[in-house]
Each structure stands twice: as C-alpha cells, then as structure tokens.
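See structure below.
Read-outs: derived from the displayed coordinates by stated rules, not from any lab. This one's a predicted model, so the numbers in the text were calculated from it and none came from an experiment. Neighbour counts are summed over all protein chains in view; Cβ atoms, including those assigned to glycine, are modelled from backbone coordinates with ideal geometry.
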Amino acid sequence: MKESTFFALAAIIALLLSFAPQECHAATQATSPELPPAIRNARAAASLKPFIEQAIAADSIPDPMQRCLRFPDPPGSHWHRDTVEAYCRLHFAPAPILDADLHRLLHARRAAPLDDTLKRAYAQATATADGRNRFDRMFLDFFQKPTASMRADIDVWKRQSPRSPFAFAASGTAEIAKAGDARGDAASDKTSDKQFHAMHQILLRARADLDRAASLDPRFTTTYAEMIDAAQFESDTNYARRAATAGLAVDPANFMIHYNLMEMSEPKWGGSLEAMAQVASHATARASLNPMLRVLTPAPAAAAAGITACGCEGNQLPDLGSVFSELGQTSLLDGAGRGASRLDRPDQSIPYLLEALRFNPTSGITRAVLVSDLNALQEFPAALSQADRCVGLAPKVSRCYEARGTVHLGLHQPGAAEQDWKIAMSMNPANDWTVSQLQMLLMSQHRWNDLWRLSEQQIRTRPKSPTGWIIRSAVQAYQPRPGLRDTEVYLVTHFSNDPAASAAVEHARLDLALPPSPAR
C-alpha cells in the first residue's frame, strides 16, 4: 500500500475507533417568505415541465441501459457523467454471471465447475474498476438471499472444495444474512438478549468463514467488504479496521469496501458525521480510479440533513440541491423525494423521485408517490402515464391503484377511479384512506345502497375498526335511513378511545344530546 493511501485510511480508522452517537441537524433551505401552495405548484409545474417530459420519455425506452443513460439529471445539478454512467452499468449492465447459471452450478453440487466459472469471471472483472463493482454486486446480491436449499448446497461446496475462497466467502455472506434475520429489524432496546445471542453465534460462524476465505486468497477483495458488514452488527471497529486495511491495500478504489465503511460510520451505528465525511473524502480522492466512488459523496450531507431511505426526518425541507451536488445512492434519492412529498413539496420531490426510479424502475411505492405529486401539480397526462406504468411494473402494490384512482378522479373519470380504489381495497382492506376515498365518491353520487354494502363489508371484515360504523352513520344521516341513534350509541360505547374515530364520536355525542327525530 502506498504511504499516502495508508495515512488517509488511518484517519478513517481513527474516527471509526472513536465512534460516539451524534445528533443530526437538518441543513435547511434559506428562510424566505412561503408562497401559497397553489402559486408555488403552478410555478413548479411550469419550470419542471421540460425535465418531467424528458424523464418520462427516457422512462419509456425499452432497453434498460439506454433508458438509464438517457434520463436527464435534476435541474441545476452538475453530476459527473462518468459517475452516472458507472452507476447505470452497476444496475443494468449484464452481470458477470447470471443468477440462473449460479443457481444451476450451485444446485448441481459439483464444486469444480462452479469454482472455475467464478475464477474466470473474477479475473475478467478485476481488469477494470467497473467490472469489479459489478462482480461484487452480483456475488453479494446472490449469496445474501440464501434459501434453505442454497445453504445446504453451499455446505456441500465447502466440503468438496475446502481450498475455495469463493465457497467460504459465499458461506460467510449467507451467514451474515442469517444473523440479520436472527436479530430482527427492531431497535436495540426492543431486541431481546436471546436475539442478540443468536445473532452473535451466527456471526462467529460468518467471521470464521470469511477469515478462511481471506487466508485462501488475500486478493479476493469481496471478502473484505463482507468482513466490514459483519463487523457493523456489533460495532467491532478492530475487525473492520483489519478488513479495510487489507482490502484497500489490494484495491485502493474498491467501491464495496468504501460503501460498507460509510454505512458503519453512520451515527445510527455509533459513528459520526465527521467519520462519514472522512470516508467520503477518501473515496472521492480515488474517483479517478473508480468514478462510482463519487456516489458516496452526498452521504454525510444527507445524514446531517436527516435524509434516510425512509424519507426526511423532521418538518423542515433540506436544501436538496446542495445535498445532491453529486449523484447519490438510490436509497437516498428515494428518501429525499419521499421526504419532500411528505412535506407537500411536489416541486422538490418530483426530480428526486424520478432519479430514484431511474435506477430502480420497479419500485411501486416510489412511483405511486411520484404519481400523487404529479397529480398535485395538475400534470395529469404525466401522472396517468406513470400510474399505468406503476400498475404494469408493480401489479401487487396497492398504492399504485390508489394513486391511479386519484388521477382518474382529477380527469373527471369517476368510474375508472372507483374501479382502481376497489382493486386497492381488495388488496389492502385495512387501508382507511382508500375506503374514505370510495366513500366520498359514492356519497357525491348519492349511491346509498352501494354505501350501505360498503359499510356492511367493513363491519363484517373489520369488526374492531370504526370505519364501517362511521359509513353506516353517514348513510343513515344523509339518505336518511332508520337506526342512526343506535349506530351513534355503538360508536360512543365501542370507539370512544380510538383516535381514528374521535371526530365521529364527538359528533355522535352532540347528536345524542338532541331529541331523537322520527327518522331515528
């Protein structure tokens, strides 16, 4: 390892060793008078229209690679083209080995052909940084999702080929996934000692396999990336340090090693914003060797601004243009877009939702949020085309039908809206938003019998929910029908402590204080 590389890495390691949780404060946009949403959205629709049209045109290109390359970058951005192209290749270029071929070779339980195939693919991949990026993604994606039969096949592979670094790295990768399952997704204070113990025991096996892989072939850098992943579970910075030092000595511009170091440096894992910035600086300095390293550049600013894969934390919108001065990871683009959407800022959400879909076009949830925000800007043709694409690419995601129903309503197509909402409700019967949309549509058309059937269906399938009873009371009050007083008594006696029913219960209480009318 070059001396300069060693000392740059040492700075990162020193920060890893001094991890301490820190608060993240959002870097918000400069304070300015807030425009009324209608005016802001009208201006946004005009300014974003060329970008939206270009993005949707690119989205329709059948070839996945050309689709990604033809997408426009966000308005006002200056992303490095070589980084964008490398990220497109990571997602859409053919994998060094197809999953189907790996499954076939693994399931055949003949170690020699499997080892030979991986050895050839790795030798070809390491000729370029781009090839190494794609080999790591292929290897880790495949072995991070082991079925029980795959796990058994890997064990046979290890026995047949006890000197294969690929077999032991695959086994360690599969064990890390198993350790994650044993721990669960809950926060530490909601995770039992039994779960932590089970995770620890599995991680011991994972680390033994990975250590064996590294000893068999110290130049197989995929192993070191997985070592850092294993270290992250228990914040074992010493193990991460040894893995990073060994891996970056072989390949100073390795993306997966830097990526896993960045994840381990996050405050939520006991790291710090300073540590993240050091990893980003180390990665960016080597971007001439591997342009995809620039994808890590926005991570510290995103963490400081409270942007996560789930959205933006807090109630202030970060300056997304500053955060994403360089292309960021798909999950962060998605989180930025969803966070802006949650804050009712379609002018800010749409560019980042589209960029997230550029690299992950099958995400039904992301596309459904995009549809809703295009609808908010009254970009109805674009919203409908994206809604149809959402349903086509993610037909099992109820949010796609919910969003398309809203677009149809905006286009004055209530029949199509009703059909979509009914499909969404059949997929997710407990979604009160869909039920309420359907209720309002039926009420606007005075379809009392259909509303009554909807209330009966809700009461029958969701007896502990107030929704059906609220719909029933609306029919009895506005059609009207007999029995309103009994329904209101039921609401008050059964749902007084349910926040979802608070308005209906309060109305019932006031109504019950009045003398009953003949209709009741």
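More than 27 Å apart: what percent of Cα pairs in region 35-175 qualify?
The share of Cα pairs beyond 27 Å in region 35-175 comes to 43 percent.
Suppose we look only past 24 Å in the calculated P(r) of region 158-255. What percent of the Cα-Cα pairs does that tail hold?
Values: 1104 of 4753 pairs.
Beyond 24 Å sits 23 percent of the P(r) for region 158-255.
From the phi of every residue in region 448-463, what ³J(HN,Hα) in whole Hz does the Karplus formula 6.51 cos²θ - 1.76 cosθ + 1.60 yield, where θ is phi - 60° and glycine or proline is x?
Each residue of region 448-463 in turn: 5, 5, 5, 5, 4, 5, 4, 5, 5, 5, 5, 5, 6, 8, 9, x Hz.
I'd like the Karplus ³J(HN,Hα) series for region 285-291: coefficients 6.51, -1.76, 1.60, θ = phi - 60°, whole numbers in Hz, and an x wherever there's a Gly or Pro.
5, 10, 5, 5, 8, 8, x
How big is the Rg/Rh ratio for region 412-480, C-alpha atoms only, Rh by Kirkwood, two decimals?
0.94
Can you compute the radius of gyration and Dmax for region 453-497, using only the Cα atoms, both in Å?
9.9, 28
Counting only helical runs of four or more DSSP H residues, what would the 222 nm mean residue ellipticity of the chain come to if each run contributes -39,500 (n - 2.57) and the total is spread over all its residues?
When only DSSP H runs of four or more count, the value is -21500 deg cm²/dmol.
Which FRET efficiency, nearest 0.05, do E274 and L411 yield, Cβ-Cβ r, R0 45 Å?
That gives a FRET efficiency of 0.30.
Please give every one of the lysines within straight-line cross-link reach of K119, meaning a C-alpha to C-alpha distance under 16 Å, and leave out same-chain neighbours fewer than 8 residues apart.
Within reach: K158.
Using packing as a proxy for protection, rank 47-56, 290-299, 274-283 so that the peptide with the highest average count of other Cβ atoms within 10 Å comes first.
Going from most to least packed, we get 290-299, 274-283, 47-56.
At a 10 Å Cβ-Cβ cut-off, how would you order I365, I470, I423, fewest neighbours first? Show your work: numbers first, answer last.
On the way: I365 16, I470 25, I423 19.
Ranked by crowding around the Cβ, least crowded first: I365, I423, I470.
Please report Rg (one decimal) and Dmax (integer) in Å for the Cα set of the chain.
Using the Cα atoms of the chain, the pair Rg, Dmax is 27.2, 92 Å.
Let me see the pair-distance distribution of region 407-447: every alpha carbon pair, 5 Å bin width, integer percents in order.
P(r) for region 407-447, in whole percents per bin: 6, 26, 33, 25, 10, 1.
For the Cα atoms of the chain, what angle does the longest principal axis make with the long axis of helix 3-17, in degrees from 0 to 90, nearest 10?
Helix 3-17 sits roughly 40 degrees off the main axis of the chain.
Only residues of region 247-288 count here: report those whose backbone N is under 11 Å from the spot 7 Å along Cα→Cβ of H80, or say none.
Correct set: 283-288.
Using DSSP to define loop residues, name the trypsin sites (Lys or Arg not before Pro) in region 383-456 whose beta-carbon has at most 11 other beta-carbon atoms within 10 Å.
In loop regions of region 383-456 (DSSP not H, G, I, E or B), the sparsely surrounded trypsin sites (Lys or Arg not before Pro) are K396.
Tell me the angle of helix 467-478 to the major Cα principal axis of the chain, expressed in degrees between 0 and 90 and rounded to the nearest ten.
Taking Cα atoms only, the helix is inclined about 30 degrees.
Non-local amide H neighbours of L343 (under 5 Å, H modeled in plane, Pro and chain starts lacking H): which ones?
Long-range HN contacts for L343: none found.
Pairwise over distinct Cα atoms, reciprocal of the mean inverse distance: report the Kirkwood radius of region 88-238 in Å, one decimal place.
The Cα-based Kirkwood calculation yields 15.9 Å.
Could you give the radius of gyration (one decimal) and Dmax (whole number) of the Cα atoms in region 213-319, in Å?
14.5, 51
Which angle between 0 and 90 degrees, to the nearest 10, do you get for helix 380-393 versus the longest principal axis of the chain when only C-alpha atoms count?
For 380-393 against the chain, the angle is about 60 degrees.
How long, wide and thick is region 204-261, going by the Cα atoms along their three principal axes, in whole angstroms, largest first?
On the principal axes, region 204-261 reaches 27, 23, 15 Å in Cα extent.
Using a simple spin-label model with points 7 Å from Cα along the Cα→Cβ vector, what separation in nm is obtained for A309 and S331?
Placing both labels 7 Å along Cα→Cβ, they lie 0.3 nm apart.
If amide hydrogens are placed 1.01 Å from N in the peptide plane, which non-local residues have theirs closer than 5 Å to the one on T308?
Sorted by chain and number, the residues that satisfy this are E313.
Which three extents, in angstrom, do the Cα atoms of region 390-519 have along their principal axes, listed largest first?
That works out to 54, 28, 21 Å along the principal axes.
Which ³J(HN,Hα) values in Hz, rounded to whole numbers, follow from the phi angles of region 220-236 under the Karplus curve 6.51 cos²θ - 1.76 cosθ + 1.60, where θ = phi - 60° and Gly and Pro get x?
7, 6, 4, 4, 5, 4, 6, 4, 5, 4, 5, 5, 4, 4, 10, 6, 8
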